[in-house]
Amino acid sequence: MSLLQTEGLSRRVSPQRWLFRGLNVSVAPGEQLALRGASGVGKSSLLNLMAGLDQPDEGRVLFKDKNLAQMSQTERLVLRRTAFGFVFQAFHLMPHLNALQNVMVPCLLAGVPFAQARARAEHLLGALGLSEVSEAFPAVLSGGEQQRVALARALVHQPEVVLADEPTGNLDPETAHQALDLLCRTCREQGTALVMVTHSVEAAARLDRTFVLTG
Ligand SMILES: Nc1ncnc2c1ncn2[C@@H]1O[C@H](COP(=O)(O)OP(=O)(O)OP(=O)(O)O)[C@@H](O)[C@H]1O
Ligand SMILES: [Mg+2]
């Protein structure tokens, strides 16, 4: 069974320009899929569609055989809050919350008790080498630190699938290696599926399968 799947998915960004047409991509429960392709080919757009954050021009996206477009807005919202974790290419941390609070948000939205949310967030921040900056606000964090906070936030509520857009793109090779290790290991431990955009062939090779998006 596939957990998340696209069927004949197409996205058009102008009357003359289709980013992709008739795309069939799927990820099974717990599977780790790398998504590669040249810059501008539509990887981030595909992730947005898979998350139900955007509407396809053709085709559909199914989560456990349910068409995202046929869910109510509330159903989609609840699904995203509970079953999905995101690492956006531009992080999108909340500027008025410190690192720890940012990581706790998905747990609190999913109804995890405060103390447990805090413990999980502290654990993940520690594993990513961020204990010392857990009280810092995003504005004073480096790009790589923000990226690792975003990574912890995507994992903390133990979602069924993590959609990660170049989650190690701003990290030096050593930190990138560690962050990717943590991402893959945590997903395996939690049985979380992973769809990860990456330009790195080495990073892609560590996952179960690679899908190359071509223009
Ligand atoms: N809503 C939109 N309206 C018009 N153009 C769009 C829209 N969304 C995306 N595009 C265009 O579609 C193309 C694909 O963008 P996207 O961000 O998905 O690429 P990407 O593969 O993630 O690239 P990168 O590797 O640089 O992150 C870009 O040329 C972008 O400008
Ligand atoms: Mg992108």
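The values are calculated or read from the model by the stated rules, or taken from the named source; none is laboratory data. Given the structure is predicted, the values throughout are model-derived calculations rather than measurements. FYI the Cβ positions are ideal-geometry reconstructions off the backbone, even for glycines, and counts take in every protein chain you see.
If I filter the stretch 160-168 for residues that are more than 11 Å from the chain's Cα centre (by Cα) and either closer than 14 Å to Ser200 by Cβ or surrounded by 24 or more Cβ atoms within 10 Å (Cβ to Cβ) (or both), do I get at least one hit? Among the residues of the stretch 160-168, at least one is more than 11 Å from the chain's Cα centre (by Cα) and either closer than 14 Å to Ser200 by Cβ or surrounded by 24 or more Cβ atoms within 10 Å (Cβ to Cβ) (or both), which makes the answer yes.
Beta carbons closer than 9 Å, at least 6 apart along the sequence or on distinct chains, never pair a first residue in the stretch 158-186 that is free of Cβ contacts under 8 Å to residues at least 12 places away in the same chain and among the aromatic types (Phe, Trp, Tyr) with a second that is assigned to a loop (DSSP other than H, G, I, E, B) and surrounded by fewer than 17 Cβ atoms within 10 Å (Cβ to Cβ). What are the residues in the stretch 169-215 that are more than 20 Å from Val156 (Cα to Cα) and assigned to a helix (DSSP H, G or I), if any? Once the filter is applied, which keeps residues that are more than 20 Å from Val156 (Cα to Cα) and assigned to a helix (DSSP H, G or I), the stretch 169-215 yields Pro173, Glu174, Val201, Glu202, Ala203, Ala204, Ala205. Within the stretch 113-133, if we keep just the residues that are surrounded by fewer than 19 Cβ atoms within 10 Å (Cβ to Cβ) and not in a helix (DSSP H, G or I), the residue that is farthest from ligand 1 (Cβ to nearest atom) turns out to be Pro113.
If you go through the stretch 134-143 and pick out every residue that is surrounded by fewer than 16 Cβ atoms within 10 Å (Cβ to Cβ) and either assigned to a helix (DSSP H, G or I) or within 17 Å of the chain's Cα centre (by Cα) (or both), you end up with 3. Screening Phe20 on (1) in a loop (DSSP other than H, G, I, E, B); (2) within 16 Å of ligand 2 (Cβ to nearest atom) shows it passes everything except condition (1).
If the condition is being in contact with a strand residue (DSSP E or B) (Cβ under 9 Å, 6 or more places away or on another chain) and touching a residue at least 60 places away in the same chain (Cβ under 8 Å), then the stretch 105-155 contributes Gln147, Ala150, Leu151, Arg153, Ala154, Leu155.
Search the stretch 86-102 for residues being touching a Ser or Thr at 6+ places or on another chain (Cβ under 8 Å) and part of a helix (DSSP H, G or I), and hand back the single one that is nearest to ligand 1 (Cβ to nearest atom). Give the steps one after another, and end with the answer.
Taking the stretch 86-102 and keeping what is touching a Ser or Thr at 6+ places or on another chain (Cβ under 8 Å), we get 89, 98-100.
Filter once more, so that each one left must be part of a helix (DSSP H, G or I): 99-100.
Values: Ala99: 25, Leu100: 29 Å.
Looking at the filtered set, the residue picked out is Ala99.
Looking at Ser14, Ser10, Ser45, can you tell me which residue is within 11 Å of ligand 1 (Cβ to nearest atom), surrounded by fewer than 20 Cβ atoms within 10 Å (Cβ to Cβ), modelled with pLDDT of 95 or more and small (Gly, Ala, Ser)? Give the steps one after another, and end with the answer.
Values: Ser14 fails: modelled with pLDDT of 95 or more; Ser10 fails: within 11 Å of ligand 1 (Cβ to nearest atom).
Selected residue: Ser45, the only one of Ser14, Ser10, Ser45 that is within 11 Å of ligand 1 (Cβ to nearest atom), surrounded by fewer than 20 Cβ atoms within 10 Å (Cβ to Cβ), modelled with pLDDT of 95 or more and small (Gly, Ala, Ser).
Which members of the stretch 35-81 meet the condition of being away from ligand 2 (no atom under 16 Å from the Cβ), small (Gly, Ala, Ser) and either farther than 23 Å from Thr214 by Cβ or assigned to a helix (DSSP H, G or I) (or both)? Step through it out loud before you land on a result.
To start, the set of residues in the stretch 35-81 that are away from ligand 2 (no atom under 16 Å from the Cβ) comprises 52, 55-81.
Still in the running and small (Gly, Ala, Ser): 52, 59, 69, 72.
Of everything in the stretch 35-81, those that are away from ligand 2 (no atom under 16 Å from the Cβ), small (Gly, Ala, Ser) and either farther than 23 Å from Thr214 by Cβ or assigned to a helix (DSSP H, G or I) (or both) turn out to be Gly52, Ala69, Ser72.
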